[in-house]
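Report on the following structure.
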Amino acid sequence: MRFRKALTLSFILGMTVLGRPANAQTILGRLLDGEAMQPVPQGFIQLLDTALYQVAATQSDEGGGFVLSAPKAGEYMVRAEAYSYHTIDDGPLNLASGDTVRVEFFILPKPEELDPIVVEAQRTEFQLRTAGFYRRQERGMGQFITQEDIDDIRPHDLPSLLVWGALGVYLRPNAVGVMVPAFPAGRSGTESGTIGWCYPMYFLDGLPFQVDNDEVAFPIHPSEISAVEVYATRGETPAQYRDPRASCGTILLWSRRREGPGP
């Protein structure tokens with residue numbers, strides 16, 4: 001949008017220069033790369049008054065050249081900027097009536113920045129593939145929470161992630177009254193027919209762990225998780241993760257940073 005605006009201003013300025021009076025105040029300049037010492041085309045150059053309001057503007061040509069005309073004699077600042085370059089202000093320039101001033105502006109390129117997220121995403125995808133995550137996801141058995149889901153939910157802890165990210169996961173008190181994730185285990189045979197509950201077995205990067213009933217402490221925060229697999233029953237759980245200690249379902253957690261692929 002800025003360059004589009006600059007093109008318009010440059011056209012208006014050109015018309016003014018062609019018909020300017022003999023006592024016009026003119027700046028003839030070149031915009032140059034301060035490292036390569038090469039012209040910078042399509043740079044945006046502004047003429048500012050002492051209150052830093054724009055009074056004229058133009059765009060540098062293929063040779064870096066530009067022309068600015070001040071509306072009256074006085075003191076001015078010149079600002080130059082271009083895509084992937086640092087903006088530079090210079091001045092003040094004192095322009096008397098009818099002055100023509102020649103200037104050169106040197107602007108420095110910004111350092112190229114690499115996006116580390118792409119590298120991490122590629123590494124995470126490789127880890128999940130070698131762990132069999134995508135293969136099980138294609139089969140459709142169980143529920144799957146991806147890193148994108150986690151970033152959307154933004155849970156403050158693992159139980160919140162599981163409750164909001166998967167159907168059929170509820171928070172229920174454990175043996176010491178702490179609310180932890182649980183699966184419904186069907187109705188009891190009593191007259192009230194109350195719902196029973198069971199607590200899942202957990203795996204982190206392929207290694208099993210259990211939540212201590214005396215002090216619930218999950219070994220990983222949602223911000224460190226790349227994906228989750230939720231299996232509500234032993235029948236749904238992949239064979240390699242059917243731990244004999246599990247009373248019902250299983251939850252597989254995959255971290256965003258791992259030393260090697262899981263099983």
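Every read-out reported here was derived from the displayed coordinates using simple, explicitly stated rules and does not represent laboratory data. Everything numeric here is computed off the predicted structure, so don't read it as measured data. Backbone-built Cβ (ideal geometry, glycine too); neighbour counts: all protein chains shown.
Pull out the extension gain between D243 and T100, defined as 0.36 nm times the separation in residues minus the alpha carbon to alpha carbon distance; nm, one decimal. Please report the intermediate quantities before stating the final value.
Numbers: separation 143, 0.36 × 143 = 51.48 nm, distance 8.54 nm.
Fully extending the segment from D243 to T100 adds 42.9 nm.
Which of the peptides 127-135, 56-64 is most tightly packed, and how do the rest follow, judged by the mean count of other Cβ atoms within 10 Å per residue?
Values: 127-135: 17.1, 56-64: 19.0.
Listed from highest to lowest mean packing, they are 56-64, 127-135.
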Length released on extending from L108 to A73, taking residue separation times 0.36 nm less the Cα-Cα span: 9.6 nm
Length added when fully stretched, H156-Y170, from 0.36 nm per residue minus Cα-Cα: 3.4 nm
